[in-house]
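Only one structure is covered here, and it is reproduced in the block below.
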Amino acid sequence: MSKVTKEWDIHVHVEEDTDTTHVRAELHGPAGRTLLAQGRARRNPHDRPVVQIGEEVALARALYMLADELMDRADADIQTMTQQAWIQ
């Protein structure tokens, strides 16, 4: 069996203001498959403004949603192929 190498790319877009960080993550896979997810983080007014923390939280939320969406797509593909639900 020969080895096949494929590449998936994740593009992350970050927008911030003083108290809120928004992240949009795009997963680009083979055959033009693209998934999108968003994450958001808000700074507690009593916390010091640390931009890195907001970026990390918003990005983690977006990637978590992206992973969940990818799992849902795989589940739908399995159901289509096997006519059976795949229990995660």
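Here, each number is a calculation from the coordinates, and none is a lab measurement. What you see is a predicted model; the values in this text were computed from it and never measured. Positions of Cβ are backbone-derived with ideal geometry, glycine not excepted, and every protein chain shown enters the neighbour counts.
Among the GluC sites (Glu not before Pro) found in the chain, those both in a DSSP coil and sparsely packed, with 16 or fewer other Cβ atoms within 10 Å of their Cβ, are E7.
What the phi angles of region 76-81 give under the Karplus curve with 6.51, -1.76 and 1.60, with θ = phi - 60°, is a coupling list of 5, 5, 5, 4, 5, 6 Hz, glycine and proline written as x.
Here the Karplus relation 6.51 cos²θ - 1.76 cosθ + 1.60, evaluated at θ = phi - 60°, turns the backbone of region 18-34 into coupling constants of 4, 10, 9, 10, 10, 10, 10, 10, 10, 9, 10, x, x, 6, x, 6, 10 Hz, with x for every Gly and Pro. Loop-resident trypsin sites (Lys or Arg not before Pro) (DSSP state other than H, G, I, E or B) in region 1-35 with no more than 11 further Cβ atoms inside 10 Å of their Cβ: K3, K6, R33.
For the chain, adding -39500 (n - 2.57) for each run of n ≥ 4 DSSP H residues and dividing by the number of residues yields -13000 deg cm²/dmol at 222 nm. A cut-off of 5 Å between modelled amide H atoms, ignoring neighbours fewer than 5 places along the same chain, links D19 with no other residue. The structure-derived value of Rg/Rh (Cα atoms, Kirkwood Rh) appears in the list [x] 1.14; [y] 1.03; [z] 0.99 under the label [x].
Full extension of the segment from N44 to D68, taken as 0.36 nm per residue of separation minus the current Cα-Cα distance, would add 6.0 nm. Couplings 3J(HN,Hα) of region 42-52, computed from phi: 10, 7, 5, x, 8, 8, 5, x, 10, 4, 4 Hz, in residue order, whole Hz [Karplus 6.51 cos²θ - 1.76 cosθ + 1.60, θ = phi - 60°; x for Gly and Pro]. Contact order, relative form, for the chain: 22 percent (alpha carbon pairs under 8 Å, 6 or more residues apart, mean separation divided by residue count).
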